[in-house]
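Worksheet for the structure shown next.
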Amino acid sequence: MLGVEMYPSLALAAQRLGDCCYRDREPPAHMPLYPSSCDTAARSLPPRLLPPPPAKRDTFGKSEDNIKIELENVSLWKQFSTVGTEMIITKKGRRMFPQLKVKVSGLNPSLRYILLLDIIPVDSFRYRFQDDKWQVVGGAEARLPDRVFIHPDSPATGEHWQNRSISFHRAKLTNNTLDGQGY
């Protein structure tokens, strides 16, 4: 199994999972620019006449604690990690190698899920390989928020995701921040 010692960026996985699961959070308060007359009238009523705030719905429980994602071709990823190979990313985009293949378990079979891939830089620097080592040569380009690759089968039931190997082979990596197809 992969460890945080081998891949420090895995330490962010729990935080990123929490960012993607909104079950425990209250929805953000929506403040319209021009409130309707009904909203204005409702705010002017005494508090006891207003309906009670909606109760927290906890129909999902804490199932995200049981969800597991396991890298299928872990031995190939470890081989590449020990060698220290890099991938040249172009403006046109390039498919990732080795391919990202995972197996998911712990999903509710009847619920529908969207699987997405979000690649996060480990730091804000640009590197160049010089004198047999990687050296910082400047700051990285600004990262656009919400550039994720949504798996083409999404949305699908938990049963669908758990019964097969999930491959993100169609994801293309690019350093062109204006490319809508790259990630």
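Every read-out reported here was derived from the displayed coordinates using simple, explicitly stated rules and does not represent laboratory data. Quick caveat: nothing in here was measured; it's all calculated off a predicted structure. Please note: Cβ atoms are built from the backbone with ideal geometry, for glycine as well, and neighbour counts cover all protein chains shown.
With a simple spin-label model that places each label point 7 Å from the Cα along the Cα-to-Cβ direction, the separation between residue 165 and residue 114 comes to 2.7 nm.
At R0 = 35 Å, how high is the FRET efficiency between residue 128 and residue 157 if r is their beta carbon distance? Nearest 0.05 is fine.
Details: r = 46 Å, r/R0 = 1.31.
With R0 = 35 Å, the Cβ-Cβ based efficiency is 0.15.
Within the set 78/103; 68/91; 101/172, which residue pairs have Cα atoms separated by over 26 Å? Table pairs above 26 Å Cα-Cα are 68/91.
Students often get this wrong: which residues of region 72-93 have the backbone nitrogen under 18 Å from the point 7 angstrom along Cα-to-C-beta of residue 175? Once the point is set 7 Å along Cα→Cβ of residue 175, 85-93 turn out to lie under 18 Å by backbone N, inside region 72-93.
What ranking do 115-128, 88-101 get when scored by the average of other Cβ atoms within 10 Å per residue, highest first? If you can, show how the numbers build up before the last one.
On the way: 115-128: 12.2, 88-101: 14.1.
Averaged packing, sorted descending, gives the order 88-101, 115-128.
Amide H contacts for residue 140 (H built 1.01 Å from N in the peptide plane; partners 5 or more residues away or on another chain; cut-off under 5 Å): 125, 126. Where in region 97-115 does the label zone of residue 66 land, with the point 7 angstrom along Cα→C-beta and an amide N cut-off under 19 Å? The answer is 103-114, whose backbone nitrogens lie closer than 19 Å to the label point. Treating region 72-120 as a set of equal point scatterers at the Cα positions, no solvent, please give the Debye-formula log₁₀ I(q)/I(0) at q = 0.13, 0.26, 0.29, 0.31 Å⁻¹. Debye output, listed in q order: -0.49, -1.15, -1.25, -1.28.
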